Every structure is written in C-alpha cells, then in structure tokens.
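Worksheet: one structure, shown below.
The values are calculated or read from the model by the stated rules, or taken from the named source; none is laboratory data. Keep in mind the model is a prediction, meaning the values are calculated, not measured. Neighbour counts are summed over all protein chains in view; Cβ atoms, including those assigned to glycine, are modelled from backbone coordinates with ideal geometry.
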Amino acid sequence: MPAASPATTPSIATTARLGRADRIALRGIIGLVVAWCALLVAGALYSLKQKLVDGLYSFAFPNTSTGRTVDLVMPDGMRLESAYAGGDLQVTAVGFGPTVVWLQVAIHVLGIALAVGIAVAAILLGRHLAAGRPFLHSMTVALTALALLLVIGGSAVEVLDQLCQNVARAELVAADPDGPLAGGWAWTFTGIWLFAGIAVGLVAGAFHIGERLQRDTDGLV
C-alpha cells in the first residue's frame, strides 16, 4: 500500500480567497471608487480648460462687505464678471496675472495625480483581495507610494491653493487698496491630506508585515 502523502499547510496566500458574491460586491465598491476618481479628473480637466482657454477664474475671499453686490476697481487689462457677498466674497474675473495661472495649473495637475493614484491603489487592492493574495510586495509598494502622494501632493495642493488665493487677492487689492478685500494675507492649513497619508502609511506598514508573514509561511510548505 503506498504511503500517504504528507499533508501540506496551505499558504497564507491562498486561504483567504473571497467567494463569488463577495468578489462581486468588492468589484462594485472598487467600481464606485474608480468612477468617483474619474469624475474628479473630468471635473479638474474642465476647470483647467475654463481657466486656460476662457481665462475665467473664481475665488472665495473672506467677506468684509455687508452688501450683497460689491463694487471692485479692477486693474488695467482685467475685466470684472461678478462680485457679491455671501458667506464669502465670491469673485469671478478674467485677466489675472501669470502667477495665478501657473499656480492653478499646478493645483489641477496635482489634483489629477491624487485621483489617479487613489484609483490605481483601489484597483490593485481589489484584485489582490478578490484573488486571496492581498499581501504582495506590489501592494505594499502601491500603498506606500499612495501615502507619500497624499502627504506630499495633497499638502502641496492645500498650500498652493492658499498661495493662489492670496496672490489673486493681492492683485485685486493693488487696484483698490481701500476696497472690501483690503487686509493682510490669510493662511489656513487643515492638514487633512497629511493625516490621510499617515493613515494609508499605517495600512502599508500592516501590509508589509503581512507580506513577511506570507513569505515565512510559504517557506514552510
């Protein structure tokens, strides 16, 4: 009688494969994330086209006027489209200087990169989870790259947006020093992208530990 073959310990890479219903639900969730990122990219491209082609820029400045409609004296070569006081002073105008233009380009490019990075990481994670192999080196690298992108790129978007707001405000104040926009530069930093990047970095660390455990388990079989 032939000897029974020794039982093999299943690899950690193959013990967590999702069932068909779970895979369908996971694909639906990943599809929603990708669709959301695609809408963000489309919106960013349309906004960038509006600024570069139409020259139309909109800003929300702290409201220092009590009237609904605000009269602004515009610099030479700049045309006012609208200015009214709501929760903020909403200003839409044509003819801002090149500094505002290039800051807006940088903000939109970084925003698109963030959306693409999130979509790519979601697709990779979904594929690996559905296949029962989440703890792969490629997944750890993707999450680490996404964490860095969120911390550096996301924080840069927030800082550049504040800088652009203040530069645009300075251009308007230069034409009307005593107008409703008069005042010093204002800065706020929420740090939301920084905290999001740290959270993803912690997840990447957990995946790195899982990757090492998977290699150790695979070495035993």
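Among the residues of the stretch 183-210, the one identified as touching an Asp or Glu at 6+ places or on another chain (Cβ under 7 Å) and either under 15 Å from L125 (Cα atoms) or surrounded by 16 or more Cβ atoms within 10 Å (Cβ to Cβ) (or both) is W193. Does the stretch 180-199 hold any residues that are part of a helix (DSSP H, G or I) and either touching a helix residue (DSSP H, G or I) at 6+ places or on another chain (Cβ under 6 Å) or among the acidic types (D, E) (or both), and which are they? Residues satisfying the conditions are W193, L194, A196, G197. The listed residues are L148, L125, and the only one of them that is assigned to a helix (DSSP H, G or I) and either surrounded by fewer than 20 Cβ atoms within 10 Å (Cβ to Cβ) or of a type in the set (S, T, Y) (or both) turns out to be L148. Residues that are of a type in the set (G, A, S) and surrounded by 17 or more Cβ atoms within 10 Å (Cβ to Cβ) were ranked within the stretch 128-145; the one that is modelled with the lowest pLDDT is A130. Report whether or not T144 is more than 30 Å from P62 (Cβ to Cβ) and in contact with an Asp or Glu (Cβ under 7 Å, 6 or more places away or on another chain). So T144 fails the test. What about T140, is it in a helix (DSSP H, G or I) and not acidic (D, E)? So T140 passes the test. Of all the listed residues (R169, R212), the sole one being among the basic types (K, R) and more than 26 Å from T69 (Cβ to Cβ) is R212. Scanning the stretch 167-179 for residues that are loosely packed, with under 13 Cβ neighbours inside 10 Å and in a helix (DSSP H, G or I) returns a single hit, A174.
Set side by side, the residues A113, A93 differ, and just one is at pLDDT 80 or above, outside any helix (DSSP H, G or I), closer than 21 Å to D161 by Cα and of a type in the set (G, A, S), which is A93.
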